[in-house]
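Step one of this worksheet: look at the structure below.
The values are calculated or read from the model by the stated rules, or taken from the named source; none is laboratory data. As the structure is a computational prediction, the values presented were derived from the model and not from experiment. We place every Cβ from the backbone using ideal geometry, glycine too, and count neighbours over all the protein chains shown. Accessible surface is based on the protein model in full, side chains and every heavy atom, while ligands, DNA and RNA are left aside. Shrake-Rupley method; radii C 1.70, N 1.55, O 1.52, S 1.80 Å.
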Amino acid sequence: QVQLVESGGGLVQAEGSLRLSCAVSGIISSVYTMSWYRQASETPGKLRELVASIASRGNTVYADSVKGRFTISGDSAKNTVYLQMNSLKPEDSAVYYCKADRPAWGPERTYWGQGTTVIVSA
């Protein structure tokens with residue numbers, strides 16, 4: 001059974017930092033493209049926004065809105081992916097989801113975590 005479990009969310013003041021973790025079990029995270037998405041609660045009809053991703057080869061992609069502030073990384077030994085978030089802004093408030101897809105080999109699969117909530121106060 002594949003599980004992606006996010007943690008590390010919480011309430012933080014603007015300009016503060018948080019580190020989100022996505023603990024993966026059932027698959028090898030380093031084989032997959034691991035991504036963080038977010039969805040702001042005040043826009044329930046809005047699609048989840050890609051925040052950052054790290055491919056199996058290690059190349060990373062960031063949304064323009066978080067470049068220079070957020071860093072995605074993976075620890076293969078712990079089978080965990082992180083999102084370090086610095087200089088947080090109120091507009092970063094959202095539920096953050098971890099996603100695994102596009103494995104380097106094998107059949108295409110997509111897995112999502114349940115999300116962790118980040119609230120940034122002004």
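Just the number, please: Stokes-Einstein D of the range 46-106 in µm²/s, Kirkwood Rh from C-alpha pairs, 4 °C, 1.567 mPa s.
Roughly 100 µm²/s, to the nearest whole number.
If you keep only loop residues by DSSP, which GluC sites (Glu not before Pro) in the range 10-95 have at most 12 other Cβ atoms within 10 Å of their Cβ?
Here the sparse-neighbourhood loop sites are E15, E42.
HN-Hα J couplings of the range 28-39 from phi, Karplus 6.51/-1.76/1.60, θ = phi - 60°, integer Hz, Gly and Pro as x?
Couplings: 9, 4, 6, 7, 9, 7, 9, 9, 10, 10, 9, 9 Hz.
HN-Hα J couplings of the range 101-118 from phi, Karplus 6.51/-1.76/1.60, θ = phi - 60°, integer Hz, Gly and Pro as x?
7, 6, x, 5, 8, x, x, 5, 9, 10, 10, 10, x, 8, x, 9, 8, 10
Where a Cα-Cα gap under 21 Å defines reach, which lysines qualify for K99, not counting those fewer than 8 residues away within the same chain?
The reachable lysines, counting only those whose Cα sits under 21 Å from K99, are K46, K67, K78.
At most 13 other Cβ atoms within 10 Å and a DSSP loop assignment: could you name the trypsin sites (Lys or Arg not before Pro) in the range 1-110 that fit?
Passing sites in the range 1-110 are K46, R57, K67, K78, R109.
Return one quarter of the surface area of the convex hull spanned by the alpha-carbon atoms of the chain, equal to its mean projected area, in nm².
Its average projected convex-hull area is 7.3 nm².
Counting only heavy atoms of protein chains, what accessible area per residue, in Å², does the chain have with a probe of 1.4 Å?
54
Tell me, what does the Kirkwood hydrodynamic radius of the range 1-55 come to in angstroms if you use every pair of distinct C-alpha atoms?
Hydrodynamic radius (Kirkwood, Cα only) of the range 1-55 equals 13.3 Å.
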